[in-house]
Amino acid sequence: MKKRDRLNYIGKQVVLNGMVTIKELAEQLGVSTMTIRRDLQDLAKEGVLTLIPGGAVLKREPSTINEQEYAITRAQSQMTKEKIKICQKAASFVQEGDTIVIDTGSTTEHLPKFIPQGTKLTVICYCLNTLLSVYAHSKNVQIIFPGGYFHENTLMFESPEGISLIRKVRANKAFISAAGVEGELGVTCANLYEVDTKRAVIESSDTRFLLVDSSKFGRVTTAYFADLKEFDVVITDSGIPEKYRKLLAKLGVEYYIV
């Protein structure tokens, strides 16, 4: 394969998946890892992707909306390396035969990429980006997509009917995101329309995982949806303030730092 053909292939893969790894690309294209590294460097210079250790992620254009309004496109460009590591760890808890919920958010969208191919699962999701990621990376999965009204700023679908469906299904594990985590004011999201769906997920799941990068701790956003003690496991990165490590330990919440 000529270099330009390789670059086109890599470009399509990073647009489709949001992330590529050097090892996988080398195996797919039958070339050395050094060749792939050089290709990724060229694509980074062209502005197609951003290099990360062991691979690259899709370069996102910064959002032009009001700074106070949450948008998935802006969130996807922040703390990307940490979010990917968080999801790698989260995926290690997924087991054959599980029914899992993958919440809305720029962190949780990475989770399907790290679930081993062929794992038999039922996945409940309600965001366009997550749905596409599940479909692209999972070959032995039953998908439940509740549907509803589409919210462009989060790519989330929600409706009373969708929430009712979520309440009727029981999940082994729920992987939930948040925009803010504060000791007294609880766990919050950016949009009020997310709250009922998140509550339905929490109330219908056995083990609840909170997937948040360290920038969310000490932050409060518009819509409260849970107390920190309602989560069984928190997965975050090494930037988490010490006071929140102590708080999690005090609450008896298991936590992992990636």
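Each reported figure results from applying straightforward, stated rules to the coordinates on display, with no laboratory input. None of these values were measured; they are calculated from a predicted model. Backbone-built Cβ (ideal geometry, glycine too); neighbour counts: all protein chains shown.
Along the axis of the charge dipole computed for the chain (Cβ charges of +1 for Lys and Arg, -1 for Asp and Glu, origin at the Cα centre), the listed residues 118, 247, 226 are led at the positive end by 118. Each other residue within a Cβ distance under 13 Å of residue 137 adds +1 if Lys or Arg and -1 if Asp or Glu, for a net charge of 0.
If one puts a single equal scatterer on every Cα of the chain and applies the Debye formula without solvent, what log₁₀ I(q)/I(0) results at q = 0.09, 0.14, 0.16, 0.17 Å⁻¹? Treating every Cα as an identical point scatterer, log10 I(q)/I(0) equals -0.40, -0.96, -1.22, -1.35.
Between residue 15 and residue 250, how high is the FRET efficiency from 1/(1 + (r/R0)^6) when r is the Cβ-Cβ distance and R₀ = 41 Å? Nearest 0.05. Walk me through the numbers before you get to the answer.
Details: r = 44 Å, r/R0 = 1.07.
Rounded to the nearest 0.05, the efficiency is 0.40.
Relative contact order for region 3-58: 39 percent, from Cα pairs under 8 Å spaced at least 6 residues apart, divided by residue count.
For the chain, the relative contact order works out to 14 percent when only alpha carbon pairs closer than 8 Å and six or more residues apart are counted. Take the chain, mark every one of the trypsin sites (Lys or Arg not before Pro) that falls in a DSSP loop and has at most 14 other Cβ within 10 Å, then report the longest stretch left between them, sites excluded. Counting only loop sites that pass the neighbour cut-off, the longest clear stretch is 3-119. Cα centroids of region 108-137 and region 23-62: 22 Å apart.
Over 21 Å between Cα atoms: which of 23/85; 198/250; 173/198; 81/139; 2/113; 2/81 fall into that group?
On the way: 23/85 17 Å; 198/250 24 Å; 173/198 13 Å; 81/139 26 Å; 2/113 28 Å; 2/81 30 Å.
Beyond 21 Å between Cα atoms: 198/250; 81/139; 2/113; 2/81.
In degrees, nearest 10, range 0 to 90: what is the angle between the Cα axis of helix 80-91 and the longest Cα principal axis of the chain? It works out to around 70 degrees.
The stretch between residue 33 and residue 207 holds 58.8 nm of extra length on full extension. This uses 0.36 nm per residue minus the Cα-Cα distance.
Rounded, prolate or oblate: which one fits region 128-213, using the alpha carbon gyration tensor with axes a ≥ b ≥ c (rounded when a/c is under 1.5, else prolate when a/b beats b/c, else oblate)? In terms of gyration-tensor shape, rounded. With both labels modelled 7 Å from their Cα along Cα-to-Cβ, the residue 119 to residue 4 distance reads 4.1 nm.
This model, with +1 at the C-beta of Lys and Arg and -1 at the C-beta of Asp and Glu, gives region 72-257 a dipole about its Cα centre of some 400 debye. Entry note, the chain: the mean residue ellipticity at 222 nm calculated from DSSP H runs of n ≥ 4, each adding -39500 (n - 2.57), is -10000 deg cm²/dmol after division by the residues and rounding to the nearest 500. Taking a ≥ b ≥ c as the square roots of the Cα gyration tensor eigenvalues, region 12-51 comes out oblate, since a/c reaches at least 1.5 and a/b does not exceed b/c.
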